[in-house]
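Contents: one structure, followed by commentary.
Bear in mind these aren't lab numbers, they're just calculated from the coordinates by the rules spelled out. Worth saying up front: this structure is predicted, and the values here are computed from it rather than measured. Heads up, the Cβs are rebuilt from the backbone with ideal geometry, glycines too, and the neighbour counts pull from every protein chain shown.
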Amino acid sequence: RQDLDLFEQLSVPGSGGPLGDASEQQERGVRVLGALARGELRRAHEAEQLVADGAREIIIVAQDTTYYGLDLYGEPRLTELLRKLEEVQGIDWLRLMYFYPMYITDELADVIASSKRIVPYIDMPLQHINDTMLRRMARRVTRSETENLIGKLRSRIPNLTMRTTFITGFPGETD
């Protein structure tokens, strides 16, 4: 990953929130393309344009990246997007951000594991692990499901690195 002078972010549906507004993004040297949903072919074309401009790493980011496709197709289609981006010549790395546990499938894990370009790094904001608090926070996963998912990801994706965040002090939370 030496000499990485330029990277770009390719936002996917639901992107908002984590990157701030356009002025904040410009100040940080990040160009986020299109907050509106677009199909896989359009996204691959945008990635080709970024590569032509010198980008070597594409960061796929949204409020929840695993939701990609729900608004366009009625079902998650991140695996299809990743397969299309794999075909784009000139991309050295694809980095995936903000993976909530809800729509991480075996197929998605296999696409990540088999990729030569997808960095084995997942940012999964778990936010809490107590089942009562998860229900109060309207999360549709349990502690057991989360633990099983993490185990499955670690066993399927070689050299996986994970990052997470947790919320403390949620209303109603006690020791």
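Tell me, what is a quarter of the convex hull surface for the C-alpha atoms of region 96-145, in nm² with one decimal?
Details: hull surface 14.7 nm².
The Cα convex hull of region 96-145, projected and averaged over all directions, gives 3.7 nm².
Calculate the spin-label point distance for residue 144 paired with residue 163, positioning each point 7 Å from the Cα along the beta-carbon direction, and give it in nanometres.
Label at residue 163, label at residue 144, 3.2 nm between them.
In debye to the nearest 20, how big a dipole does region 81-135 give about its Cα centre with +1 on each Lys and Arg Cβ and -1 on each Asp and Glu Cβ?
Value, rounded to 20: 140 debye.
Using amide H atoms built in the peptide plane, which far-off residues or other-chain residues are under 5 Å from residue 121 H to H?
HN-HN under 5 Å from residue 121: 96, 161.
What does the charge count around residue 70 come to, taking other residues whose C-beta lies under 10 Å from its C-beta (Lys +1, Arg +1, Asp -1, Glu -1)?
Summing Lys and Arg as +1 and Asp and Glu as -1 gives -2.
Taking the Kirkwood radius as the inverse of the mean 1/r across Cα pairs, report the Rg/Rh of region 101-175.
1.03
So what are the three principal axis dimensions of region 76-117 from its Cα atoms, in whole Å, longest to shortest?
31, 17, 16 Å, listed from the longest principal axis down.
Using +1 on the beta carbon of Lys and Arg, -1 on that of Asp and Glu, and nothing else charged, what's the dipole of region 39-151 about the Cα centre, debye to 20?
Here the size comes out at about 340 debye.
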